[in-house]
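Okay, so here's the structure we're looking at.
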Amino acid sequence: MTRGNALLLVIVLGIGANFQSGYHATALSSPTPFIKHFINSSWYERYEETPPSEKVRMIWSLIVSSYPVGGLFGSWSFKFIAGNLGRKKGVICGSCISIIAAIIMLTSKISKSFEMIIIARLLFGFGAGLGCCLHLTYLTEISPKNIRGRVTLTYSNFFSLGKVIGGLLGLSEIFGTEDLWIVALTFPACFLVAHVVVFPFFPESPRYLFIEKGDEEACRKALQSLWGPGDYRQEMDEMLVEQAAIEAAHPKTPLQLMKDRTVRWQLVTAVCIFLFNNLSGMFVIHNFSFVIFMGAGIPEDKIRYISLGLLMCEVIVSMSTSLLIDRFGRRPLICGGFGAMCCGWVLVTVLLNLKGSSSWVSYVSAALIILIIVFHSGGPGAATSPLIGELFVQSDRLAAFVIIGMLGCLGMAVLGFAFPFLIIYLGSYSFVLFACVCLLASLYTFFIVPETKGKTMLEIAEEFKAISLCRRSANNP
């Protein structure tokens, strides 16, 4: 992919899609004390009594978990919106929904309504769930196969960058104050407004234009706009082969895809890797870092700075991985990353049980959590999105992303709601659950997942058919 239009497209797409998801993954952590105080004060003003601590914890859990619940519905609507509006208009639609959410969030403090925060988080989640699916689909469809990993990895890069900006703006020197915490939760809407204005000038996905709309000339013009002058006959011939395969098997609904034995291993692999990634502990770290580091014994005034350092490490490692992914492939990064994270979570559990023995234990625990973030952002955090984007041909991709997005968001919603209670009843042993998830993910990737680097979608499909044939022949010799 040449520089120029393509690079600008990736940047504009990123700040309007996965950057938003990354920002909201961390923006809620620093204002935690202020939001809880807002819940208390709103409740007292409304009912003239102090709410029970369990009630505040329940409302706080709803605020955290409402974001992935919204993401679930956004993912569910992805196939309908992307199929009817196209990739470009679908991304713009998701940005408009998030702008509405920002307006509701801004007025919640004036209205003294924590319910409006929950509604805004639901809408933010809807826009993010839709935008993330479209972001990854768009990147997969516009990138040449020889650098597809590097291009689709920008999906993770913008997510990491969003998390850094969310953590930075949450500092007490910027928006992390009693008066400005609401600004911290709505600031990225500024980028969304710019995105809605600029993005319509970029081309639609070439694969969508050729395979789904049958417009060869529009496809060629889109390729020339993205990659520079040329006839791109070879690339269009590959799309033609995929189009012929689709005509033999029409685009499926999510239910039809789940019943289709020919793509069962692709679907199982995509769902498992995505769920493993979401349940590996990263969602908890970013949303509950304040609580986790407090429990580890870190002084309250230092937590925000440790969290920001953690996020800076993540974005540096994520961007560095873009130089390696097309050289080493997706499989080693995912397998090795999950294995290292498993060891990290076990050590964190041990050290948290020893935190009273010495003052240095707390800081070693914090350093280990930073290492876990590094292992994640250099491994599964970077390679999961390119892998999932490559597993399905055009006719199956939309339905697959609906299933993957819904299950992933459901998992995060359950975890976001349950973790405040898990940390109370299980304490440090709650992190053992994440260690088990990471171990299972590493083993699954090592024994099941084939490498997808440098292969067409049809070649990757054949790799998975071979797995199915091996399983079937093993069961029926």
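Just in the range 428-470: which GluC sites (Glu not before Pro) are loop by DSSP and have at most 16 other Cβ atoms within 10 Å? Show your work: numbers first, answer last.
On the way: sites: GLU451, GLU459, GLU462, GLU463; in loops: GLU451.
Qualifying residues, ordered by number: GLU451.
Residue pairs exceeding 32 angstrom between C-alpha atoms, taken from LYS79/LYS221; LYS112/LYS302; LYS109/LYS163; LYS163/LYS252: LYS163/LYS252. Maximal additional length on extending the HIS37-TYR305 stretch stands at 94.3 nm, based on 0.36 nm per residue less the C-alpha distance.
Could you provide, to the nearest whole Å², the per residue accessible area of the chain with probe 1.4 Å?
On the way: 19140 Å² over 477 residues.
Computed with neighbouring chains in place, this is 40 Å² per residue.
Stretch GLU54-LEU323 to full length: gain in nm at 0.36 nm per residue minus the Cα-Cα span? Don't jump to the answer; show the numbers that get you there.
On the way: separation 269, 0.36 × 269 = 96.84 nm, distance 4.76 nm.
Extending this stretch completely gives an extra 92.1 nm.
Remark on ARG330: its backbone amide H falls under 5 Å from those of THR452, LYS453, a criterion applied only to residues 5 or more positions apart or on other chains, H modelled at 1.01 Å from N.
So for the range 136-265, what percent of the C-alpha to C-alpha distances run longer than 18 Å? Tail fraction, whole percent: 69. Working from label points 7 Å from Cα in the Cα-to-Cβ sense, the ILE448 to ILE103 distance is 4.5 nm. For the range 167-210, a Kirkwood hydrodynamic radius built from all Cα pairs, placed in the Stokes-Einstein relation at 4 °C and 1.567 mPa s, yields a translational diffusion coefficient of 101 µm²/s.
All other residues whose Cβ lies under 14 angstrom from that of ALA27 are scored, Lys and Arg at +1 and Asp and Glu at -1, for a net of +3.
Once backbone amide H atoms are built at 1.01 Å from N, LEU171 has GLY176 as its partners under 5 Å, excluding neighbours fewer than 5 places away on the same chain.
Gain on full extension, evaluated as 0.36 nm per residue between MET294 and LEU255 minus their Cα-Cα distance, stands at 9.6 nm.
Where does the charge balance sit around CYS219 when Lys and Arg score +1, Asp and Glu -1, over other residues with C-beta under 11 Å from its C-beta?
Working: positive: ARG207, LYS213, ARG220, LYS221; negative: GLU141, GLU204, GLU212, ASP215, GLU216, GLU217, GLU235.
Local charge sum for CYS219: -3.
Both radii were evaluated on the Cα set of the chain; the Rg over Rh quotient, with Rh as the Kirkwood radius, amounts to 0.98. For the range 164-196, the residues whose backbone nitrogen is under 18 Å from a point 7 Å from the Cα of MET312, taken along Cα to Cβ, are 164-176.
With R₀ fixed at 51 Å, the C-beta to C-beta distance from LEU240 to ARG46 puts the FRET efficiency at about 0.20. Scanning the chain for long hydrophobic helices, with DSSP H runs required to stretch 20 angstrom or more by C-alpha along their axis and to average at least -0.5 on the Kyte-Doolittle scale, returns 53-111, 114-142, 148-169, 233-248, 264-278, 300-321, 331-352, 360-378, 394-425, 430-447, 457-475. Accessible area per residue was computed with a 1.4 Å probe on protein heavy atoms; ASP301 scores about 100 Å².
The values are calculated or read from the model by the stated rules, or taken from the named source; none is laboratory data. For clarity, every value in this text was computed on a predicted model and none was experimentally measured. Because the Cβ atoms are built from the backbone with ideal geometry, glycine has one as well, and the counts that use them run over all protein chains shown. Only protein heavy atoms, including side chains, enter the accessible area calculation; ligands, DNA and RNA are left aside. Shrake-Rupley method; radii C 1.70, N 1.55, O 1.52, S 1.80 Å.
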